[in-house]
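Engineer: The structure that follows is given in the form of structure tokens.
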Amino acid sequence: MKIESILATKSLNVITVGPDQSLREAVDLLAEHNIGTLIVVDEAGQPIGIISERDIVREAARTEAVLGQTVSRVMTRDLITASPEDDLETVLQTMTAKHFRHLPIMDRERLIGVISIGDVVKAQLDKYQGEVDTLQTQIIEGQV
Amino acid sequence: MPPVGNEASPLRVAIVGSGPAAFYAADHLLKQNGLKVEIDMFERLPTPYGLVRAGVAPDHHKIKSVTKVFAKVASNPRFRFYGFVEFGKDIALSDLRGHYHQILYATGAPTDKRMGIPGEDLKGSYAATEFVGWYNGHPDYHDRQFDLSQERVAIVGVGNVAVDVARILCLTPEELAVTDIANHALEALSQSHVKEVYLLGRRGPAQAAFTNPEIKDLGNLADADTIVLPEEAQLDDVSRAALEASDDRATRKKVEILQGYALRKPTGKSRQLTIRFLVSPVELIGNAAGKVVGMRLVKNALEATAAGTPSPKATDRFEELSVGLVFRSVGYRGAALPGVPFNERWGVILNEKGRVVDPETKQPVVGEYCSGWIKRGPTGVIGTNKPDSIETVSCMLDDLARGSILHPSEPQASKMEELVREHQPKYLSFVDWLRLDEIEVKNGRAQGRPRDKFTRVEDMLAALGR
Ligand SMILES: Cc1cc2nc3c(=O)[nH]c(=O)nc-3n(C[C@H](O)[C@H](O)[C@H](O)COP(=O)(O)OP(=O)(O)OC[C@H]3O[C@@H](n4cnc5c(N)ncnc54)[C@H](O)[C@@H]3O)c2cc1C
Ligand SMILES: NC(=O)c1ccc[n+]([C@@H]2O[C@H](COP(=O)([O-])OP(=O)(O)OC[C@H]3O[C@@H](n4cnc5c(N)ncnc54)[C@H](OP(=O)(O)O)[C@@H]3O)[C@@H](O)[C@H]2O)c1
């Protein structure tokens, strides 16, 4: 199975933030869209980092003036991206090994989506459940 | 607005399509406690069950027993089947909006992906989709002809569909004769001259999309030797590292099976099936008459993408494979429905978790949903459509609870029936289908087969006296 089958049922809206925007703005975006992560993009729309609730909380633990800081200060720069043709299984392995919970998806040069480790695990589970169900049905209904 | 979903005002749902996704959704809706729901299911063919009838291979009869589960759903008095009624032809979106609170599209993926290489449209080059439809008796493909006088055949892709096509080409007439394969296909395949079949994978054994039971089956064919080239069965460094890092037992087993085939020597059976890896067709070669006579293959090497996927990169080594028949089996593809937003990139209805989405506003379209292959793309076995349909139905129930449904002017079941009768007087009920089913099974039994399929719409209608 490929990443594209996850993207097929996901929102086309990728919520992004600029590196020079404030954490105040970032928090507003997270709250407005009810999400946990934003992709940080440069002026050309290319992803250069990722910022999560956790990053902001960590900064808040350090300083009261957290909301005035810029996104670039707390974002994670160590970013890998995936493509719609990537295999689900290897992406899951990579995310687990490198502790990435979100992955921006690029279609050639364009950012077209973000998937979370939850999306990938759910797709895997549905796949296994489907296989088990198909086998069970064969066993139960196939006897006569 | 008074609430909907009770005895006085049942929730009226239209489901378009009658494959697994459609039936799993209907089942889940009908099982909701305290919800009064009425379901009308529209199918463009006279017969229900989608790819369970028209896709699943004829020699995989047991898998089709899932239709018993679907028939139970159909026996619910709140369920109604309208066969031979096509959305976009016999009924329009406006008709459904005028008669239902919610509409669910479960129309599958009827077309195929292309390879995008020169020569793809030469005579003798086909989509697996057509061949599968033909041997399974899908009325759309009844009149197709495949040149089985050819001795060498290539199948591009190594998914389970490619394996089905390879197996059907390699089974003996005796093996085929006890299945529910379409009669025209049984006849043509019994005269087949095919001797060598090639399955072509663009990546290595560890990335092959087919599943283990299917590939094991290929090793036990009565009159065909299945082999893998030893040099192509070995894992490259990228794949070996990836496999060692994971606890993926299924893939390990798959590689083991394929390496086992690489140790085999042909035993002199009438046919030979060769599974190739790390090759991509770059061009189909034709003769003066425009007919396929071969293909040019490039050898690939695997390189890991940033996210770790071993992906094929063409090398500068080429080879030619002489074949007279080519089937591309590189995936199915959904088709757009009139008036329904479509995502061209993935070939699916534009949706979020099964809610149809307006491309302009990016907001859900009230009352419209999708599930199955037209929602997530053409992957997954029959059972995978169950969690998929349950996700969509959960959205439908949430929206109902929020009052976000359509408000049809004529929600009465009888009104829709009048409309269908007017637009497609020859429509079939589920009882009509059960009658056809009985005839097919009876005719099949007489020949020692599970069923003898009707393959033409006229014949189905005639059998019912229409
Ligand atoms: C060749 C092949 C073999 C397979 N073998 C297996 C197997 O052995 N085991 C397994 O578990 N899975 C198998 N699968 C996978 C399985 O068939 C699919 O997962 C499943 O059928 C998808 O369900 P669906 O309901 O989304 O689509 P479908 O099963 O395709 O159903 C869609 C239905 O909608 C109807 N329709 C389309 N357009 C309209 C319209 N405009 N109006 C009204 N009706 C319409 C179609 O006629 C069709 O009946 C196979 C798939 C293929 C292609
Ligand atoms: N018995 C069964 O249970 C059964 C039978 C039939 C079908 N099904 C299910 O139905 C679904 C659809 O099956 P499918 O076989 O159509 O799809 P699939 O499993 O997605 O396989 C597609 C194959 O085509 C290859 N491919 C794609 N583009 C290509 C290109 N341009 N050039 C060369 N190769 C290319 C893929 O290789 P890459 O991996 O490199 O992309 C892959 O090997 C699957 O989920 C399958 O399991 C199940």
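The values are calculated or read from the model by the stated rules, or taken from the named source; none is laboratory data. Quantities reported herein were computed from a predicted structural model and do not represent experimental measurements. Positions of Cβ are generated from backbone atoms using ideal geometry, with glycine treated the same way; all protein chains shown enter the neighbour counts. Ligands, DNA and RNA are stripped out before the accessible areas are found, and what is left, the full protein with its side chains, is counted by its heavy atoms. Shrake-Rupley method; radii C 1.70, N 1.55, O 1.52, S 1.80 Å.
Engineer: Is it true that some residue in the range A:7-17 is assigned to a loop (DSSP other than H, G, I, E, B), buried (at least 19 other Cβ atoms within 10 Å of the Cβ), without any contact (Cβ under 8 Å) to a residue 40 or more places away in the chain and within 14 Å of chain B (Cβ to nearest Cβ)? Step through it out loud before you land on a result.
Structural biologist: Filtering the range A:7-17 down to residues assigned to a loop (DSSP other than H, G, I, E, B) leaves A:8-15.
After this cut, where a residue has to be buried (at least 19 other Cβ atoms within 10 Å of the Cβ) as well, the list is A:8-9.
Adding the requirement that they be without any contact (Cβ under 8 Å) to a residue 40 or more places away in the chain leaves A:8-9.
Okay, now just the ones that are also within 14 Å of chain B (Cβ to nearest Cβ), so A:8-9.
Yes, some residue in the range A:7-17 is assigned to a loop (DSSP other than H, G, I, E, B), buried (at least 19 other Cβ atoms within 10 Å of the Cβ), without any contact (Cβ under 8 Å) to a residue 40 or more places away in the chain and within 14 Å of chain B (Cβ to nearest Cβ).
Engineer: Residues in the range B:193-200: is at least one closer than 24 Å to B:K453 by Cβ and within 16 Å of ligand 2 (Cβ to nearest atom)?
Structural biologist: No, the range B:193-200 contains no residue that is closer than 24 Å to B:K453 by Cβ and within 16 Å of ligand 2 (Cβ to nearest atom).
Engineer: How many residues does the range A:93-118 hold that are in a helix (DSSP H, G or I) and either surrounded by 19 or more Cβ atoms within 10 Å (Cβ to Cβ) or basic (K, R) (or both)?
Structural biologist: Residues that pass the stated criteria total 4.
Engineer: What's the total number of residues in the range B:224-271 that are basic (K, R), open to solvent by less than 70 Å² (accessible area, probe 1.4 Å) and modelled with pLDDT under 95?
Structural biologist: The first filter runs over the range B:224-271 and keeps only residues basic (K, R), leaving B:240, B:249, B:252-254, B:264-265, B:269, B:271.
Filter once more, keeping what is open to solvent by less than 70 Å² (accessible area, probe 1.4 Å): B:254, B:271.
Retained after the next criterion (residues that are modelled with pLDDT under 95): none.
The total comes to 0.
Engineer: Could I ask something else about it? Wholly within the range B:29-140, which strands (runs of 3 or more DSSP E) include no fewer than the required count, namely at least 3 residues that are open to solvent by less than 10 Å² (accessible area, probe 1.4 Å) and away from ligand 2 (no atom under 16 Å from the Cβ)?
Structural biologist: Here the list reads B:37-43, B:79-83, B:102-105.
Engineer: If you don't mind, there's one more thing I want to ask. Which condition number in (1) within 14 Å of chain A (Cβ to nearest Cβ); (2) open to solvent by 10 Å² or more (accessible area, probe 1.4 Å); (3) within 14 Å of ligand 1 (Cβ to nearest atom) is the one that B:V161 fails?
Structural biologist: Unmet for B:V161, out of (1) within 14 Å of chain A (Cβ to nearest Cβ); (2) open to solvent by 10 Å² or more (accessible area, probe 1.4 Å); (3) within 14 Å of ligand 1 (Cβ to nearest atom): (1).
Engineer: Follow-up. Scan A:E4, A:E43 and give me the residue that is within 26 Å of B:A304 (Cα to Cα) and of a type outside the set (K, R). Steps first, answer last, please.
Structural biologist: Working: A:E43 fails: within 26 Å of B:A304 (Cα to Cα).
Criteria check complete, one pass: A:E4.
Engineer: Identify the residue in the range A:18-45 that is within 14 Å of another protein chain (Cβ to nearest Cβ) and in a loop (DSSP other than H, G, I, E, B) and, among all such residues, is most open to solvent (accessible area, probe 1.4 Å).
Structural biologist: Result: A:N34.
Engineer: Being within 24 Å of B:G324 (Cβ to Cβ) and either among the basic types (K, R) or under 30 Å from the mean Cα position of the chain (by Cα) (or both) is the filter here; which residues of the range B:259-269 pass it?
Structural biologist: Of everything in the range B:259-269, just one residue is within 24 Å of B:G324 (Cβ to Cβ) and either among the basic types (K, R) or under 30 Å from the mean Cα position of the chain (by Cα) (or both), namely B:K269.
Engineer: Scan the range B:186-234 residue by residue and report those that are closer than 26 Å to B:L302 by Cα, charged (D, E, K, R) and part of a loop (DSSP other than H, G, I, E, B).
Structural biologist: Scanning the range B:186-234 gives B:R202, B:R203.
Engineer: Now for a separate question. Identify, please: which residue in the range B:332-357 is within 18 Å of B:L29 (Cβ to Cβ) and assigned to a loop (DSSP other than H, G, I, E, B) and is, among those, farthest from the chain's Cα centre (by Cα)?
Structural biologist: B:K353
Engineer: Could you tell me which of the residues A:E85, A:E64 is assigned to a loop (DSSP other than H, G, I, E, B), in contact (Cβ under 8 Å) with a residue 12 or more places away in the chain and either open to solvent by 50 Å² or more (accessible area, probe 1.4 Å) or acidic (D, E) (or both)?
Structural biologist: A:E85
Engineer: To continue, here is another question. Which members of the range B:358-403 meet the condition of being open to solvent by 50 Å² or more (accessible area, probe 1.4 Å), outside any helix (DSSP H, G or I) and within 16 Å of ligand 1 (Cβ to nearest atom)?
Structural biologist: B:V381
Engineer: Of the residues B:E303, B:E360, B:E319, which is among the charged types (D, E, K, R), more than 27 Å from the chain's Cα centre (by Cα) and away from every other protein chain (no Cβ under 14 Å)?
Structural biologist: From the options B:E303, B:E360, B:E319, the qualifying one is B:E319.
Engineer: All but one of (1) of a type in the set (D, E, K, R); (2) farther than 23 Å from B:L148 by Cα; (3) in contact (Cβ under 8 Å) with a residue 12 or more places away in the chain hold for B:R271; state the number of the condition that does not hold.
Structural biologist: Among (1) of a type in the set (D, E, K, R); (2) farther than 23 Å from B:L148 by Cα; (3) in contact (Cβ under 8 Å) with a residue 12 or more places away in the chain, B:R271 violates only (2).
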